[in-house]
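K.L.:
Handing you a structure now.
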Amino acid sequence: MSEEYRIWARDVLARVTEKMEKVSVRSADKIPYTTKDGVHDDWSGDDRIGWWTNGFWGGMMWQMYELTGQERYREIAESVERKLDRVLMDAQSMDHDSGFKWLPTSVNCYRQTGNPASRNRALLAANNLAGRFNHAGQFIRAWNDWGDNGPDRRGWAIIDCMMNLPLLYWASEETKDPRFAQTAMRHADTAMRCFVREDGSVNHIVEFDVDSGAMVRSYGGQGYADGSSWTRGQAWGLYGFAQSFRHTGKQAYLETAVRIADYFIAHIPESGLIPVDFCQPMEPAWEDSTAAAIAASGLLEIWQLLKGKREESTKSAESVPEDDGRKYLEAAEKLLRTLTDRRVNWDDAADNLLEKCTAAYHDKDHEFSIIYGDYYLIEALMKLLQL
Ligand code: GLY
């Protein structure tokens, strides 16, 4: 990375830290998902505590703790973690998103402080996640059913789950019991086979027959249509497979991450602003800044992994790969530069960082702030500085 970019990233992170000083005081007792008129909402009530995004605010507080060393960030992060205990005790709230909830909170806390209660929470969550594995279809079931009116989702798996697998890899590393990682790898193998298309794009949802395990069909899910390319799904895919490679060393996962990344990079518009779906109609030109932030962080992960492989092959005097992954670094830099120049709200009075985030193409609302966009933006900037 050029010196100019390092200085730029340091300056941007300094501005983020300055803004978060104020935001974190205002939102210390909340678990935010979005903002209304610039003010964080709060999802810590009983009716919403199970929502899949509720680990990210705690994760952001750990990011700030790492950047500043200020104890109050650790205290907020730990209070979010304790609030999530209600989810651990509610079978209906426990879905496949345990990684999103307990990696940024409990696993982070355990790594930083050695707190045995955090280890316990993360292991309970990992056990629950592993218990969602369907042996016939070799996949982890995504969501629970929401009563009689919704579809039967026992056979549904989604690409996002690739980002939950690191909780299972962590549990195996922590307990020395390979079952968790074995489960994660079986799911990743199925995802490689059934989610990733010939051109490197990915399905959002795939349905399997719960008894025979046969693939039934795919769905467009939060994207534009079946067969289209929901951009956040592409980002989860490229990042998730890169992480599976990091934890297992299985070459096919890295190759899959690279294929999805190549597809993503080839479809980044000239503007650098990411639509909700790469196949959506020209109008309305809805954006999803979260996809840009997640993809940037995942592309940096791929860059680091390829750089590591290059260094390894130099050491063992094997032929050095031509491409050391620079293109992934450059694409990430472009995405981040565009976000920070055009899509970050730098006003200290507003609680969010990113603007123009979209949860799903067919939702009623589009282009608002979403907490995980802010989390992955900070994560990507920290990776640029190798923090
Ligand atoms: N994991 C759900 C989403 O990305 O919206």
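K.L.:
Can you tell me the dipole magnitude for the chain around its Cα centre, using point charges on the Cβ only (Lys, Arg +1; Asp, Glu -1), in Debye to the nearest 20? Kindly include the intermediate steps, with their values, before the conclusion.
P.N.:
Values: 45 positive and 60 negative charges, 198 e Å.
Once rounded to the nearest 20, the dipole reads 960 debye.
K.L.:
If the convex hull of the alpha-carbon atoms of the chain is projected onto planes in all directions, what is the mean projected area in square nanometres?
P.N.:
It is 19.0 nm².
K.L.:
Just need the relative contact order of the chain here, percent rounded to a whole number, with Cα pairs under 8 Å and 6+ apart.
P.N.:
Normalised by residue count, the contact order of the chain is 16 percent.
K.L.:
Further, regarding this structure: Give me the distance between the Cα centres of region 84-109 and region 10-38, rounded to whole Å.
P.N.:
Here the two parts' Cα centres lie 23 Å apart.
K.L.:
In the chain, if the dipole is taken from +1 on Lys/Arg beta carbons and -1 on Asp/Glu beta carbons about the Cα centre, which of V39, G373, L67 is farthest to the positive end?
P.N.:
Result: L67.
K.L.:
Using modelled backbone amide H atoms (1.01 Å from N, in-plane), which distant-in-sequence or interchain residues come within less than 5 Å of F139's amide H?
P.N.:
The list, which skips near neighbours in sequence, is N134.
K.L.:
Output the relative contact order of region 72-136, whole-number percent, from Cα pairs under 8 angstrom with separation of 6+ residues.
P.N.:
Computed value for region 72-136: 33 percent relative contact order.
K.L.:
Right, something else. If I build a Gaussian network model for the chain, linking alpha-carbon pairs within less than 10 angstrom, which residue out of D288, D148, D363 has the largest mean-square fluctuation?
P.N.:
Fluctuation is largest for D148.
K.L.:
Could I ask something else about it? Radius of gyration and Dmax for region 147-284's Cα atoms, expressed in Å?
P.N.:
Cα-based Rg and Dmax for region 147-284 come out at 15.8, 52 Å.
K.L.:
In 5 Å bins starting at zero, report the fraction of Cα pairs in region 82-183 per bin as a rounded %.
P.N.:
Distribution as computed: 2, 13, 24, 24, 19, 10, 5, 2, 1 percent.
K.L.:
List the residues, sorted by chain then number, that are 5 or more residues from H40 or on another chain and whose placed amide H is less than 5 Å from its amide H.
P.N.:
Placed amide hydrogens put D351 under 5 Å from H40.
K.L.:
Over what distance in Å are the Cα centres of region 116-158 and region 340-357 separated?
P.N.:
34
K.L.:
Subtracting the Cα-Cα distance from 0.36 nm times the residue separation, let me have the gained length for E367 to R86 in nm, one decimal.
P.N.:
So the chain would gain 98.1 nm between E367 and R86.
K.L.:
Report, in deg cm²/dmol and to the nearest 500, the calculated mean residue ellipticity at 222 nm for the chain, where each DSSP H run with n ≥ 4 adds -39500 (n - 2.57) and the sum is divided by the residue count.
P.N.:
It comes out at -16000 deg cm²/dmol, rounded to the nearest 500.
K.L.:
Separate question: Can you quote the Å³ per residue value for the convex hull of the Cα atoms in region 259-383, rounded to an integer?
P.N.:
Cα-based convex hull of region 259-383, divided per residue, equals 110 Å³.
K.L.:
Sticking with this structure for a sec: Two decimals is fine: what's Rg over Rh for region 327-387, C-alpha atoms, Kirkwood radius as Rh?
P.N.:
Value, to two decimals: 1.01.
K.L.:
Right, something else. What translational diffusion coefficient, to the nearest whole µm²/s, does region 1-77 have by Stokes-Einstein, given a Kirkwood radius computed over alpha-carbon pairs, a temperature of 25 °C and 0.890 mPa s viscosity?
P.N.:
Numbers: Rh = 13.7 Å.
Using the Kirkwood radius from Cα pairs, D works out to 179 µm²/s.
K.L.:
When the chain is fully extended, how far beyond the present Cα-Cα distance does R326 get from K307, taking 0.36 nm per residue of separation?
P.N.:
Taking R326 through K307 to full extension adds about 6.0 nm, to one decimal.
K.L.:
Considering only the other residues whose Cβ falls under 10 Å of the Cβ of Q63, what net charge follows from Lys and Arg at +1 and Asp and Glu at -1?
P.N.:
Residues near Q63 contribute -3 overall.
K.L.:
Along the positive direction of the dipole of region 142-249 (beta-carbon charges: Lys, Arg +1; Asp, Glu -1; about the Cα centre), which of W170, G233, S201 reaches farthest?
P.N.:
Sorting the options by dipole projection puts first W170.
K.L.:
Holding the Cα-Cα limit at 22 Å, pick out from K83/K364; K101/K334; K307/K383 the pairs that are longer than that. Let's see the in-between values first.
P.N.:
Details: K83/K364 30 Å; K101/K334 29 Å; K307/K383 14 Å.
Over 22 Å Cα-Cα: K83/K364; K101/K334.
K.L.:
Further question on the same structure: Figure the gain on full extension for R10 and A266 (residue separation times 0.36 nm, minus the Cα-Cα span) and round it to one decimal in nm.
P.N.:
Details: separation 256, 0.36 × 256 = 92.16 nm, distance 2.81 nm.
The R10-A266 span can extend by a further 89.3 nm.
K.L.:
Taking amide H atoms as placed 1.01 Å from N in the peptide plane, list the residues 5 or more away in sequence, or in a different chain, whose amide H sits under 5 Å from that of W156.
P.N.:
Sorted by chain and number, the residues that satisfy this are A142, F208.
K.L.:
So which aspartates and glutamates can K19 reach, going by Cα to Cα under 14 Å and dropping same-chain residues fewer than 8 places off?
P.N.:
D11, D347, D348, D351, D374
K.L.:
Of the candidates V23, V216, V206, which one comes out as most mobile in a Gaussian network treatment of the chain with C-alpha springs shorter than 10 Å?
P.N.:
V216
Every number here is computed from the coordinates shown, using simple stated rules; none is lab data. Just so it is clear, the model here is predicted, and its values are computed rather than measured. Every residue, glycine among them, receives a Cβ derived from its backbone with ideal geometry; neighbour counts consider all protein chains shown.
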